[in-house]
Structures are given as C-alpha cells and as structure tokens.
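The values are calculated or read from the model by the stated rules, or taken from the named source; none is laboratory data. Everything numeric in this text was worked out from a predicted model, so none of it was measured. When we count neighbours, we look across all protein chains shown, and the Cβ atoms used for this are built from the backbone with ideal geometry, even at glycine.
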Amino acid sequence: MYTSRLYVISAPSGTGKTTIRREIEKLSVGVKYSISCTTRKPRIGEKEGIDYFFISEAEFESRVRKGQFLEWAVVFGNYYGTDKLYVEKLMSEGHDVVLDIDVKGASQVKARVRDVITIFILPPSMEVLRERLAGRKTESEEALNSRLDEAKKEIMLAAWYDYIVVNDVLEEAVQNIVSIFRATRCKRENSLRLLDRFPGY
Ligand code: 5GP
C-alpha cells in the first residue's frame, strides 16, 4: 500500500551496525536488508545467501563490467557490491530496502537514486569506539588503529547523511531508526495510495 523506499545505512566498523540490523530484522517492520556480494572469505558462522553472496574476484569484476551493481567499493581490501536486480525485485514486492554499505558506496547510490534516504550511525565517542573494537580481541594493535583512522574519515562524512543516529543505548538506536522508517512511510508522497480506499477521492 505504501510506496517502497530505499535506505542506506552506513557506520564505522565497531559502531554496532550488525547488532542493530539483527534487532531491526527481529522486529519485522516491513524492511528488508539487501544481501551484498563480496570477495571477502566467510567468517565463522556466516552463511552464503544470508550474510553475503560470497563470490570470486573474477566473478565480481565480470559483474562490474556488465553493470550489474547499483554500487560497489573496495572496503578493507575486499570488493563489496549491491546487486541492482536483487534490490529492484525486493522493492517491486513492496518492501522498503536497506543497504548496509560503506560511505563510498553510499555516495554512489546517492548520485544514482534521487530519493534514497541515508542514515549514519555514530558511536557515542571515539573513546567508546576504541573500547568496543579492542573488546573484540580479534585484531592486532595495528589493525585496530587502522580501523580507528578509517572511522574518523567516515565520521567526517556523517553530516552529508539525512539522519544521524547515535548508538549509545542499543534499544534507543533501534527505535530511532524504526521511527525514521515509520515516519517516512507516513509522508504524503509515500501514502497517497491509501486514499484509493475512499470512493470518489
Ligand atoms: P564486513 O566485512 O565487516 O561485513 O563489512 C565491512 C564493510 O563493508 C562495512 O562497512 C559494510 O557496511 C560494508 N559493505 C557491506 N556490503 C557492502 C556493499 O554491498 N557495498 C559497499 N559499498 N559496502 C558494503
């Protein structure tokens, strides 16, 4: 009944974007996350077609040449891209679609999709971000510093997004994002079709 909308959510590594995604998916608010293609190797527990479509570099490059990606970028040394047809199919089925992508991909989508809605998730502070990344204990000091440097560069671009959500208390961040989805649905231009129910309108 509502016009489907495309959202982009970007956040520096360690901001809690994946946890937020899981919470939003649990709430079933009518939005679908697009599943990206990547050349990164699956992490333990990640599943093909659920977390990502894991493809080879040759396959990725061939899809780039064929223009099959709505956007793509190299992030931390691996290719990531959003399949255009996949997103179009979800939207044609009436879903709002969320692209969980980095700032480089976000700027490509902004250039190509006029009415995309962009959301940036901020950590409460750089100190908290450092603590969260260090808490993962999966990375060397060098890798940690490189993620923090990258995060600083990304945060410099936050002002360019339509909405900024701070992930301090998880539930609040999730509710704020869901509120953005709900308010957007209620906008006149996305709800006009509801008037079809009223004869003679
Ligand atoms: P990870 O490998 O940790 O899942 O993701 C690393 C980064 O790549 C995250 O910032 C994530 O948002 C970004 N990313 C995931 N999928 C895509 C995509 O399709 N396109 C772009 N540009 N970035 C993506």
Residue in segment 1-20 that is surrounded by the most Cβ atoms within 10 Å (Cβ to Cβ), counting only those that are touching a helix residue (DSSP H, G or I) at 6+ places or on another chain (Cβ under 9 Å) and outside any loop (DSSP other than H, G, I, E, B): Val8
Any pair with Cβ under 7 angstrom, 6 or more apart, that starts in segment 78-94 at a residue that is under 10 Å from Ser34 (Cα atoms) and near the ligand (Cβ under 8 Å from one of its atoms) and ends at one that is among the aliphatic types (A, V, I, L, M) and in a loop (DSSP other than H, G, I, E, B): Thr82/Ile101
Condition broken by Glu25, with the remaining ones in (1) within 16 Å of the chain's Cα centre (by Cα); (2) near the ligand (Cβ under 10 Å from one of its atoms) satisfied: (2)
Residue in segment 21-30 that is within 20 Å of Asp162 (Cβ to Cβ), at pLDDT below 95 and not in a helix (DSSP H, G or I) present: yes
Residue match in segment 122-133 (condition: under 20 Å from Arg22 (Cα atoms) and of a type in the set (Ser, Thr, Tyr)): no
Residues of segment 35-59 satisfying the condition of being within 12 Å of the ligand (Cβ to nearest atom), at pLDDT 95 or above and in contact with a Pro (Cβ under 8 Å, 6 or more places away or on another chain): Tyr52, Phe54
Output for segment 129-143, where each listed residue is of a type outside the set (S, T, N, Q) and either within 21 Å of the chain's Cα centre (by Cα) or surrounded by fewer than 16 Cβ atoms within 10 Å (Cβ to Cβ) (or both): Leu129, Glu131, Arg132, Leu133, Ala134, Gly135, Arg136, Lys137, Glu139, Glu141, Glu142, Ala143
Contacts under 6 angstrom Cβ, first residue in segment 54-67 being surrounded by 10 or more Cβ atoms within 10 Å (Cβ to Cβ), partner of a type in the set (D, E, K, R), 6 or more apart: Phe54/Glu48
Sole exception among (1) within 12 Å of the ligand (Cβ to nearest atom); (2) at pLDDT 95 or above for Ser62, by number: (1)
Residue under evaluation Arg40, criteria (1) more than 23 Å from Ile177 (Cβ to Cβ); (2) assigned to a loop (DSSP other than H, G, I, E, B); (3) without any contact (Cβ under 8 Å) to a residue 24 or more places away in the chain, criterion not met: (3)
